[in-house]
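What follows is one structure encoded as structure tokens, with my remarks underneath.
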Amino acid sequence: MRMLPLRMRIKMKKNTLFCLFLTLLLPFVARTQSNDYYIQLEDASGFNTAPYQDSLEVHAYTLIQALPDTFRNLFRVYDFGFYQHHEVTSGYPDAFEKKKAEVAALTPYYLLFGKQIETKGVYTKFYVDLKLSMGDKLSCLNAIKRQTLTLEISYIVNNYPNNSTAYQLAEQSAMDSLRLRVLAIIDCCVTNNKRGSYCTPCLEPGEIVEYLTNTGFNDFGECTIVDNAPVPSSNPYGNYPAAVIADSARLSILSPNDNEVSYFRHKGEVFLADFVHRELPGARAIITKNSNFCDNSFQALLDGLGSDKVIWWHIWENPDPAGDDYFFIRHNFNE
């Protein structure tokens, strides 16, 4: 049975005291800090967003107050709505990419919400870009974790109930969640508290799927990890040097098609050379598994890509022993 696509499970709990605090703070911030922190840019929908600005300003203000004081005054929350004429299957729409560049010219640190408008409805999808300082009290957060943080906020705002008719509640929920995550990250980086999920480079299996599918990897199909696979009698790379294959997974995989240990050999010795030569001449292959996020080898491989042409295979290990493991593949880097 094919595994259903995984999605991150985000737990959102209401904090009564925090909600009361925001209620008391609203009149003060609305009166003295009008649109200083939450900045509404153009909105192609024509929807009247004015009634929600005060509340959104309060949530933005509260988020910003949780940030390290070294860049707190440089951080702002931006929102805009844009009309999308055709479906975007990967990456960001051109309108959002353009707005990212415009906002980045205004301030180096920001949270940007882009609300997509289509013929079939208003605010049918949200796009999110987040820029935080790389240093100071957030310095222990690596690049992959930073990208995962953006994906988490995007997941929250896109899965909020009725977010198309209550966009302000979806954005407020996202800002509140980011505030809590920032506090947790500071707790890891400053107090050296290693108990939280942000205190380690490891990702949960569901987070890995989200990360891979949002960074150009494609689901290549099911596989099965095999223990005690036989040692190949000859070089599994054929006439190609082993240096072409950078194998950080060291796993043996059972091919789903012929029930033989074919693509992946003893401890990850992979017969990928012919595949690489056929699909992307002159390229090299990289193979990783889930735990490579924990030991930072995944990040190190990313950092070392340079201008090489690469085919990257990731072996996703299902935490459920009865479930299927999966291949993910990405190629044509640096085109």
In debye to the nearest 20, the charge dipole size for region 98-218, taken about the Cα centre with +1 at each Lys and Arg Cβ and -1 at each Asp and Glu Cβ, equals 180 debye
Two pseudo-spin positions, 7 Å from Cα along C-beta at residue 136 and at residue 197, lie apart in nanometres by 2.6 nm
Region 195-220 scanned against label point 7 Å out from residue 118 along Cα→C-beta; backbone N under 19 Å for 214
So the FRET efficiency between residue 146 and residue 94, C-beta based with R0 = 30 Å and rounded to 0.05, is 0.80
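Every number in this text was worked out from the coordinates using simple rules, so none of it is lab data. Keep in mind that what you see is a predicted model, and the values were worked out from it rather than measured. Positions of Cβ are backbone-derived with ideal geometry, glycine not excepted, and every protein chain shown enters the neighbour counts.
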